[in-house]
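These notes concern the structure reproduced below.
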Amino acid sequence: MQVSACPGCGLVLPEVDGPTHEYIGASAACWGRYGELLVRELGELRNPDVHRLSVDTYAVQHPGVPERRSIRSVAVHLMGLCLVLERGWPPAGATARLGRLVERARPHWLEPPRPNGTLTVEHPLAGTPESHAARVREWAEDVWGAWSPHHPQVNAWLDSYL
C-alpha cells in the first residue's frame, strides 16, 4: 500500500482514489478524514459549537493555490479563527458575522506557513466525544499560531470589515 503526505497539512495516509474539494488543497485521503470529522460533529455530536473551529481550521490548513476562491476562503476562515480564538467571540456569533463578510471581503493571498501547524484532523478524531471540543480547540490554536506572521493582516481585515 502506498502512502503520501497531504499537500495542506502534511498528514501521511494511505493513498486512496476518492473525491477532493475544488479549491481546498487536501489529498483525497485527508479530505476523507475530514468527512469523518463532519459526520461525527453533525451526527453523533449534533452540531456542537466547536464545529465553527473545525471548519475554519481545516480550511486554513489546506489553503490550496492562489486563486479567487481559495484566497477568499483562507481569509474568511482566518478571520473566523481570529474572532473566536483571539477576540473571544462565541462560535455562533462568528458564524453569523462571517456569512455577511464573505461578499464584502477583498483579501489578497497570504503565503501559507510551513509547517501549517503540527496537529491535523487526526487530533480531534483520535479523541472521545467528551474530549472532542478540547481537542478541536487545541488543533485550531495550533494552526492559528502557525499563521502568526499574518495575524496583523487578519486583524486589519476584520477591523475594516466590521
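Bear in mind that the values in this text are calculations on the coordinates, not laboratory data. For clarity, every value in this text was computed on a predicted model and none was experimentally measured. Counting neighbours? That spans all protein chains shown, and the Cβs are built from the backbone with ideal geometry, glycine included.
Our helix-only sum for the chain, with -39,500 (n - 2.57) per DSSP H run of n ≥ 4 divided by its residues, gives a mean residue ellipticity at 222 nm of -15500 deg cm²/dmol.
Select from 42, 154, 119 the residue farthest towards the positive end of the dipole of the chain; place +1 on Cβ of Lys and Arg, -1 on Cβ of Asp and Glu, and compute about the Cα centre. Of the listed residues, the answer is 154. Between the amide H of residue 49 and any residue lying 5 or more places away or on another chain, no distance stays under 5 Å, with hydrogens modeled in the peptide plane. Working from label points 7 Å from Cα in the Cα-to-Cβ sense, the residue 68 to residue 39 distance is 3.5 nm. With 0.36 nm allotted per residue and the present C-alpha distance subtracted, the residue 28-residue 5 stretch has 7.2 nm of extension available. Using Rg and Dmax of the Cα atoms in Å as the read-out, say which of (1) 15.0, 49; (2) 20.7, 69; (3) 15.6, 47 was calculated from these coordinates. Among (1) 15.0, 49; (2) 20.7, 69; (3) 15.6, 47, the one calculated here is (1).
So what is the relative contact order of segment 1-76, in percent, for Cα pairs below 8 Å that sit 6 or more residues apart? Don't skip to the answer; put the middle values down first.
Working: 87 pairs, mean separation 21.0, N = 76.
Result for segment 1-76 is 28 percent.
If you run the Gaussian network model on the chain, springs between alpha carbon atoms under 10 Å, then out of 52, 100, 40 the most flexible one is 100.
Could you give the size of the charge dipole of segment 3-161 about its Cα centre, using +1 on the Cβ of each K and R and -1 on the Cβ of each D and E, expressed in debye and rounded to the nearest 20?
Details: 15 positive and 18 negative charges, 113 e Å.
Using Cβ point charges on Lys, Arg, Asp and Glu, segment 3-161 gives about 540 debye.
The peptide list 4-16, 134-146, put in order of mean Cβ contacts within 10 Å with the highest first, becomes 134-146, 4-16. For the chain, 9, 82 have no disulfide-compatible partner, since no other Cys C-beta lies under 4.7 Å from theirs.
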